[in-house]
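Below you'll find the structure, written out as structure tokens, and then a few comments.
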Ligand SMILES: CC(C)(COP(=O)(O)OP(=O)(O)OC[C@H]1O[C@@H](n2cnc3c(N)ncnc32)[C@H](O)[C@@H]1OP(=O)(O)O)[C@@H](O)C(=O)NCCC(=O)NCCS
């Protein structure tokens, strides 16, 4: 298999008129030769199926010059830019962690893993879905998000084979309200790279160090399980990017959204 081209509606977004494209090309093959083939096939498929859409969207790494050149040549425009960054977990200095956890404890805030919640919080699934939805709506995005039902949340988050319930942390206030979350995903089968998932805190509890403490927990977890790096990408100028830099994440090439509007 030399390359795969995919088109889909992003089920997690409320944007039925946008078709997302994805191209994965084996490094032994020439991107510039295979891309036109894949793109042409997808365009024919969309035409054959009479798909109605107004926008094509394709993410690319900004240093993938063949892909970027091809997309620009096809009339795509550069949109949101999300710098990637990585933390070598061995370099993380955990000396500030205890102080950060202590400050939360003084406010009655506790951090729990998902596996702890299973036994301690009968309503955990609905509460986690509700928390995630509150946070998702504040994540910078060019497309609106779709609100998942509890069943959809279960399908797309809890049944993801990369989920690690010991690396999924939730912050609870003194009255057991779910107020924040941060997690790592095991997309790398070797377990050397862990991918940061959604981090967020409800609006009423921001700027109190909760996200910082949650992120610290994920990093300490990564250290304890022998992972080498945590990788992530965050929209340019976002608070999350600032927070990750503070924690020692180092910049890598950005991911960029390219979009092409089509005639209605
Ligand atoms: C980003 C977010 C998680 C921060 O949560 P938080 O609990 O308020 O963060 P903290 O209190 O731990 O902040 C730590 C540091 O991050 C930076 N920071 C946090 N929010 C910021 C903001 N709105 N603007 C600029 N810097 C910000 C600051 O450096 C801050 O330190 P300071 O308060 O001493 O200045 C929160 O704003 C949020 O949930 N946003 C919506 C969801 C989202 O976009 N998540 C990221 C996608 S994964």
message = Could you tell me the calculated FRET efficiency between residue 24 and residue 262, based on Cβ-Cβ distance and R0 = 25 angstrom, to the nearest 0.05?
response = 0.60
inquiry  = Against the empirical 2.2 N^0.38 Å scaling, what ratio does the C-alpha Rg of the stretch 93-247 come to?
reply    = 1.00
query = Normalised by the number of residues in the stretch 93-247, what is the relative contact order in percent for Cα pairs under 8 Å and 6+ residues apart?
reply = 23
note = In nanometres, the difference between 0.36 nm per residue of separation and the alpha-carbon distance of residue 166 and residue 225 is 20.2 nm
inquiry  = For the chain, what does the relative contact order come out to in percent, with C-alpha contacts under 8 Å and a separation of six or more?
reply    = 30
task = Beta carbons within 10 angstrom, averaged per residue: use that to sort the peptides 163-174, 80-91, highest first.
result = 163-174, 80-91
task = Starting from the Cα of residue 61, move 7 Å in the Cα-to-Cβ direction to define the label point; list residues of the stretch 232-264 whose amide nitrogen is under 19 Å from there.
result = 232-236, 249-258
remark   = So, with points 7 Å from each Cα along the Cβ direction, the residue 17-residue 154 label distance in nm works out to 3.5
task = Compute the distance in nm between two label points, each set 7 Å from the Cα along the Cα-to-Cβ direction, one at residue 118 and one at residue 32.
result = 5.2
request  = Considering only DSSP beta bridges where both residues belong to the chain, give the percentage that are antiparallel (nearest 5).
outcome  = 85
inquiry  = Under 8 Å for C-alpha pairs, at least 6 residues apart: give me the relative contact order for the stretch 160-228, rounded to a whole percent.
reply    = 30
inquiry  = With only alpha-carbon pairs counted, each pair once and no self-pairs, how large is the Kirkwood hydrodynamic radius of the stretch 10-51 in angstroms?
reply    = 12.1
query = For residue 139 and residue 97, what is the calculated FRET efficiency with R₀ set at 41 Å and r taken between the beta-carbons, to the nearest 0.05?
reply = 0.95
note = FRET efficiency for residue 105 and residue 78 from the Cβ-Cβ distance with R0 = 35 Å, rounded to 0.05, comes out at 0.20
Dimensions in Å of the chain - Rg and Dmax from alpha carbons = 20.2, 62
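We did not get these values from a lab; they are worked out from the coordinates using the rules stated. Predicted model, so just to flag it, every value in this text is computed and none were measured. Quick reminder, even Gly has a Cβ in these numbers, built from the backbone with ideal geometry, and neighbours come from all protein chains shown.
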